[in-house]
1. Could you work out [θ]222 nm for the chain from helices alone, using -39500 (n - 2.57) per DSSP H run of at least four and dividing by all its residues? Round to the nearest 500 deg cm²/dmol.
2. With Cβ to Cβ distances under 14 Å as the rule, what net charge do the other residues near N242 carry (K, R +1; D, E -1)?
3. For the chain, what relative contact order do you get, as a whole percent, if you take Cα pairs closer than 8 Å and at least 6 residues apart?
4. Pick the calculated Rg and Dmax of the Cα atoms in Å for this structure from (1) 22.6, 77; (2) 19.3, 67; (3) 24.0, 84?
5. Express the relative contact order of segment 118-207 as a whole percentage, based on alpha carbon pairs under 8 Å and six or more residues apart in sequence.
6. From the Cα trace of segment 33-111, what convex hull volume per residue do you get, rounded to a whole Å³?
7. Accessible area per residue of segment 16-101 at 1.4 Å probe, in Å²?
8. Considering only C-alpha atoms, what is the centroid distance from segment 58-106 to segment 149-219, in Å?
Amino acid sequence: MRAIRERLRPLLVGLPPARGLLPLALLLIVWQVVAAGPSPYFPAPSEWWKALLRLASRNDLLAAFVSTARTFVEGLSLAVALGSVIGILIGASPLAGRALKPLLEFMRAIPPPAIVPVAGLLIGYNEPMKLAVVALAALWPILLNTSSAVAQIDPVLLDVARSFRLTVREKIRRIVMPSIVPALLLGIRVAIPLTIVVTLLVEMLTSLPGIGSLMIRSQRNFQSSEVYALLVLVGLFGLVINDVFLVIEGIILQRWPPRTTSL
């Protein structure tokens, strides 16, 4: 058991300490104590729990959470796949980088809510449209970080690879991947909260199944306790996802540390 703890300690060092949640817990306790009876705008935290149980009893909560989580996972996975591949291709070609940079900067500047009507016209208000908007919003930090990392690879390494007649596969495995892994992981870390936000935003704007549409429905029905409960649920979801990714990031960097000076 001690050996397992020693192996896990380097992976868990990046996680925020649990005591960081203490101010939030104290705030909720104070809120519960000073709450003077039912309130249409600021219900006590105990009412949030009751509202969450009501949603769960109607099976609304589980279906909405599954839909949101599925869109998050699929959208982020699609963004990672496309962003890393396109980023490598753009970063490896200065000509392509100069030609596509204005277009990429233009598309990156378009806010995700403005994409929803266009995507609705082209695809329809359905799950593929939600997935497309989420993946497009999460694509940019991954693509730009990856292309920048590839463009900054030391030319000496590439010259050495040509001298040793490395194949394309060996060049990617020995030079490109160790150089872009830290930047790629950073891009994914930035894209994770962005993916959650855009997923909820699309659900709110389109009323497609998910936590976002459930929050809008509760708000329109003046069920403020349900809105607060769903907000806490989303926050916990984001916290867990972030902590899980930090552990995965530690495992990847431990097994495959960045190498830019040797083959």
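1. -26500 deg cm²/dmol
2. Net of charged neighbours comes to -1.
3. 30
4. Entry (1).
5. That works out to 48 percent.
6. Taking only Cα atoms, segment 33-111 has a hull volume of 162 Å³ per residue.
7. 65
8. Each part reduced to its Cα centre gives a spacing of 7 Å.
The values are calculated or read from the model by the stated rules, or taken from the named source; none is laboratory data. What you see is a predicted model; the values in this text were computed from it and never measured. Positions of Cβ are generated from backbone atoms using ideal geometry, with glycine treated the same way; all protein chains shown enter the neighbour counts. The area values use the complete protein model at the heavy-atom level, side chains included, leaving out ligands, DNA and RNA. Shrake-Rupley method; radii C 1.70, N 1.55, O 1.52, S 1.80 Å.
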